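Engineer: Okay, here's the structure, questions in a sec.
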There are 2 protein chains.
Amino acid sequence: MNGAQALLQTLVANGVDTCFMNPGTSEMHFVAALDQVSQMRGVLGVFEGVATGAADGYARMAGKPAAVLLHLGPGLGNGLANLHNARKAFTPVINIVGDHALYHKQYDAQLESDIHTVARNVSSWIRTCRDPATIGHDVAAAVQAAIGPPGNVATLILPADVSWSDGGVPADPLAKRPAGAADDSAIESIARLLRSGDRVGLFLGGSALGERGVRAAARIAAATGAKVLVETFPRRLERGGGLPELERLAYLGEFAAMQLDGLQHLVLVDTKSPVTFFAYPDKPSDLVPDGCQVHQLGDRRNDAEATLERLALAVDAPAELALSAPARPDRPTGELTAVSVAATIGALLPDNAIVSDEAQTSGMFTPGATAGAPRHSWLTLTGGAIGQGLPAATGAAVACPDRPVLALEADGSALYTIQALWTQARDQLDVTTIIYNNRSYSILNMELGRVGADGGGPKAQAMLDLHRPNIDFVQIAEGFGVPACRPSTAEAFADALERALGEPGPHLIEAVIPPIF
Amino acid sequence: MNGAQALLQTLVANGVDTCFMNPGTSEMHFVAALDQVSQMRGVLGVFEGVATGAADGYARMAGKPAAVLLHLGPGLGNGLANLHNARKAFTPVINIVGDHALYHKQYDAQLESDIHTVARNVSSWIRTCRDPATIGHDVAAAVQAAIGPPGNVATLILPADVSWSDGGVPADPLAKRPAGAADDSAIESIARLLRSGDRVGLFLGGSALGERGVRAAARIAAATGAKVLVETFPRRLERGGGLPELERLAYLGEFAAMQLDGLQHLVLVDTKSPVTFFAYPDKPSDLVPDGCQVHQLGDRRNDAEATLERLALAVDAPAELALSAPARPDRPTGELTAVSVAATIGALLPDNAIVSDEAQTSGMFTPGATAGAPRHSWLTLTGGAIGQGLPAATGAAVACPDRPVLALEADGSALYTIQALWTQARDQLDVTTIIYNNRSYSILNMELGRVGADGGGPKAQAMLDLHRPNIDFVQIAEGFGVPACRPSTAEAFADALERALGEPGPHLIEAVIPPIF
């Protein structure tokens, strides 16, 4: 057994049975080993950002990590943005970066570079495999580090000769770190706060936003009057189907400040204290109101949902809430706009869907329009590195072949990793992509004013628009093998969405809409 | 004047008047400043790898650096692969990475990451701008570091508040480091070697391959019988139009060994000792034959062409060579194959063309077929990080608007940075792209065997093929606004190429051909 085979066997023994990859020569023995280790599925991406974003989306939905396989430093570079998003999501990823044979590195061949230094940007756990005899142990340690909690991007650097040499030894899984609720004393101290009559906000993120966490938070709010807020970009939020609808903190600091206004205490559960996404001249970065005390309930290693359930008990919250589900919108008619697209999605979202939301400004009406939809999972851009929505949808569809996936995608963001469409076509993944094509970096048009830049000149404006020429996403999608259409009214859009959702395999619908900003 | 304006003014004062960019919110003041600093041209890419690869291609042709503007750590990640290629080419690049405001970094907002650690992979010169008052000096130092010689990727990290704050002070250019020929004694010692009767090889790379260097090398060979070899992946090789045709070292170590066989001395001029691209089990990485002595003539700081001219003098080489130019191939007929595509290019390559060659296995016949073509510059993939050809062609066309550019592009490689087509369409660049679509990672099929991997299984094979579904590059190109066609015979291909070369603006021709391996 060579090193690569031992590596794959150990991954499978650890429950890691999917690898998103874009391999090169130095990874050929890894690729060859796919046929010896039958439980491992290889999913090819034609760009590394597809592979890393898919691994993130996969893990968010599967609740366990996938592996990615990248080709030396440049491959890691190409995959870095979506590993950044995974890091910010605390998503577990086994990030395997092939390298030159150990003895070849001294020659400074064309693809030689310092992989370790790049990996440090996204990984706190990095190890170079140096021997097929210990590769199994390296892999088991990587899986342990990746799973956490909290989840991590664990990077294994895999020299070609360690892959190809005989003497590979697989290893058994290492113990998982146990995750329980926060300490009783910490929970009791927050419970006292909630009973004190002070105005308390519960700010939730990370692993707190599963069904149990969402229900417990709503029960706590009902019992105590606490204000519940969800972080702006949750990695996975369970919604719809009668689940309590939690309010998300706005992206714009001005609105977020209104949501937080008047709070005397802000309790963080698996998230960090709210700050603006960017700095703006003469505006505060820290969104916590003056005089508001911030409390951390537990930490990232805890089971945040268990913490919330214990907190609900401690404040004598009702066991069940009788909620009236919000209404679903009707299928809209008339002009195709961000509003009518949102309403159509609200009207048609199928049960048990997964929504990968990278629609930026054009998507601002979608959460509201879908609050009354059947149960679904909502994935967002945790790290702000655009180009995540299509790959994450791809990975989510691999993780959950029985669930329909909807990718809500801004035109500008889509272009970073548009190659994901090919993987969707090849693996016939049930992903329906909606491109909100407003033919501009609309968010930058908005931000230009917010940062106080005098950006009205023609050269600045030219850097923010995406027309001249207009991008035809229908042709691009079909070029990658995904059936696509461009309806021009709300009615035609609804028909197209219904058809796409009703058929297996990938589809893309381009919605040309006016920019909001 | 704010920091961004001082930065742009200093770039322009240093002769850097083109910036390839994919900006975000933290770079909005830089973008706004484009309208105040009229001499600076902004060229938008919809993916960062386009911007960095274009900067590389631009500098190779313009002989001076461009700037690139990227958005924080993830933007740098997306641009890293082509900065790697620039680093390996010793191309000067002013790599500007926007960052959060200095006071905002403490909050660990979504896009916060360690930019410095990523930059270290491609830059030995990195500086964070900390004050608008010193930003001009930072920029001048970056330009000095980038220009070298040798050329470098100089990275400036630009916090948003340093951009937007008043008090910006531009700076004058710093002194350029002088570059002369290697020392007389070093030249004389190599001249003695060349006169000794021993079998000597001259191995040329980097800046040695301009017209003067090529002519001098051929004259030395004519006078002394030395064997002249060019590095496998030169950054820019001048060819055609009666220039002496120099032999390039083969990519495959087996062939390279034959080319080097029997040499007693190998003299390196602006390149490094030849090694295989990858390691292969039981094959040497070092390509220098046993018993062959390696000599370095000068170093990267020298003017390698001046060194070669002095060496030609020292060996009493003839002032001129009477060369018979190789014949141009006829326009081929019949089947469309890698061979007939190469012959067509050889027959039709226009005078003064720039060829960006990333055609991988399918391109192996093109250098031979174009040796008799009119004068042209040949750019190659210096760092092995694929996805460079289309961006480099884009940048070369920006640098040389009066020269036709031909991008020879493998299907697999094209997909990494296919978004370059949009920039070509927007800026109406005169680039004709030929996609060699063999519907596979053909080079990996070859390498699979060469590394000794038992990769015949269906799962391994599936990771190397690019059909199921076939990629339609015509649709993708048209989706990005580039006119495209897919001729199916050699005759139709020649007609299409002639038409594309005869019209201004970008074109793409998809050549579906059988794989060579």
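Values in this text are rule-based calculations from the coordinates and carry no lab data. Nothing here was measured: the structure is a model prediction, and the numbers come from that model. Because the Cβ atoms are built from the backbone with ideal geometry, glycine has one as well, and the counts that use them run over all protein chains shown.
Engineer: Computed FRET efficiency, Cβ-Cβ of B:Ser273 and A:Asp166, R0 30 Å: what is it to the nearest 0.05?
Structural biologist: 0.45
Engineer: Here's another thing I want to ask about it. Given a Förster distance of 56 Å, report the FRET efficiency between A:Asp286 and B:Ala325 from their Cβ-Cβ distance, rounded to the nearest 0.05.
Structural biologist: Computed FRET efficiency for A:Asp286 and B:Ala325 comes out at 0.20.
Engineer: Are there any trypsin sites (Lys or Arg not before Pro) in the range A:165-249 that are in a DSSP loop and have at most 12 other Cβ atoms within 10 Å? List them by number.
Structural biologist: Those that pass, being in a loop and sparsely packed, are A:Lys176.
Engineer: What's the longest uninterrupted piece of chain A once you rule out the GluC sites (Glu not before Pro) that are loop residues per DSSP with at most 12 other Cβ within 10 Å?
Structural biologist: The reported range is A:1-319.
Engineer: Next question, about the same structure. Restricting to bridges with both residues inside chain A, how much of the DSSP beta-bridge set is antiparallel, in percent to the nearest 5?
Structural biologist: Once the DSSP bridges in chain A are tallied, antiparallel ones form about 10 percent.
Engineer: Is the C-alpha gyration tensor of chain B telling us rounded, prolate or oblate? Criteria: a/c under 1.5 is rounded; beyond that, a/b larger than b/c is prolate, otherwise oblate.
Structural biologist: Verdict is oblate for chain B.
Engineer: Additional query: What percent antiparallel are the DSSP beta bridges of the range B:3-164, to the nearest 5?
Structural biologist: 0
Engineer: Right, something else. To check you understand DSSP bridge types, tell me what percent of the beta bridges within the protein assembly as shown (both residues inside) are antiparallel, rounded to 5.
Structural biologist: 10
Engineer: I'd like the Karplus ³J(HN,Hα) series for the range A:472-482: coefficients 6.51, -1.76, 1.60, θ = phi - 60°, whole numbers in Hz, and an x wherever there's a Gly or Pro.
Structural biologist: Whole-Hz 3J(HN,Hα) from phi for the range A:472-482: 9, 6, 5, 5, 4, 4, 5, x, 8, x, 10.
Engineer: From the Cα gyration tensor of the range B:3-164, with a ≥ b ≥ c the square roots of its eigenvalues, which class applies: rounded if a/c is under 1.5, or else prolate if a/b is larger than b/c, or else oblate?
Structural biologist: In terms of gyration-tensor shape, rounded.
Engineer: In addition: Once label points are set 7 Å from the Cα along Cα→Cβ at both B:Asn470 and A:Arg375, what is their separation, rounded to one decimal in nm?
Structural biologist: 4.5
Engineer: Where Lys and Arg each count +1 and Asp and Glu each count -1, what net charge lies around A:Ala140 among other residues with Cβ under 12 Å from its Cβ?
Structural biologist: That works out to 0.
Engineer: Among the listed pairs B:Lys227/B:Lys283; A:Lys88/A:Lys176; B:Lys227/B:Lys272; A:Lys227/A:Lys272; A:Lys105/B:Lys283; A:Lys459/B:Lys64, give every one whose C-alpha distance is greater than 26 Å.
Structural biologist: Correct reply: none exceed it.
Engineer: Please report the spacing between the Cα centers of the range B:390-421 and the range A:470-491 in Å, no decimals.
Structural biologist: 25
Engineer: For A:Asp316 and B:Arg192, what does the FRET efficiency come to when R0 = 60 Å and r is the distance between their Cβ atoms, rounded to the nearest 0.05?
Structural biologist: So the FRET efficiency works out to roughly 0.05.
Engineer: Full extension from B:Glu503 to B:Ala462: what is 0.36 nm times the residue separation minus their Cα-Cα distance, to one decimal in nm?
Structural biologist: Gain on extension, B:Glu503 to B:Ala462, equals 10.8 nm.
Engineer: Using the number of other C-beta atoms within 10 angstrom as an exposure proxy, rank A:Val474, A:Val97, B:Val153, A:Val50 with the fewest first.
Structural biologist: Ordered from fewest to most neighbouring Cβ atoms within 10 Å, A:Val474, A:Val97, B:Val153, A:Val50 come out as A:Val474, A:Val97, B:Val153, A:Val50.
Engineer: Right, next: I'd like the distance separating the alpha-carbon centroids of the range B:266-285 and the range A:24-76, in whole Å.
Structural biologist: For the range B:266-285 versus the range A:24-76, the Cα centre distance is 30 Å.
Engineer: Any chance you could check the Cα centroid distance between the range A:447-468 and the range B:175-202 for me, in angstrom?
Structural biologist: Rounded to whole Å, the Cα centres lie 53 Å apart.
Engineer: Oh, and also: Note down the net charge around A:Gln475, summing +1 for each Lys or Arg and -1 for each Asp or Glu among other residues with Cβ under 13 Å from its Cβ.
Structural biologist: -4
Engineer: Using only DSSP helix segments of four residues or longer, with each worth -39500 (n - 2.57), what per-residue ellipticity at 222 nm results for chain A after dividing by its residue count and rounding to 500?
Structural biologist: When only DSSP H runs of four or more count, the value is -10500 deg cm²/dmol.
Engineer: Quick one: Cα convex hull volume of the range A:324-482, Å³ per residue?
Structural biologist: Roughly 133 Å³ of hull volume per residue.
Engineer: Ignoring solvent entirely, what values of log10 I(q)/I(0) come out of the Debye formula for the protein assembly as shown at 0.05, 0.06 Å⁻¹ when each Cα is a single scatterer?
Structural biologist: For the protein assembly as shown at q = 0.05, 0.06 Å⁻¹, log10 I(q)/I(0) is -0.31, -0.44.
Engineer: List the trypsin sites (Lys or Arg not before Pro) in the range A:254-308 that DSSP assigns to loop (not H, G, I, E or B) and whose Cβ has at most 15 other Cβ atoms within 10 Å. Which are they?
Structural biologist: A:Arg301
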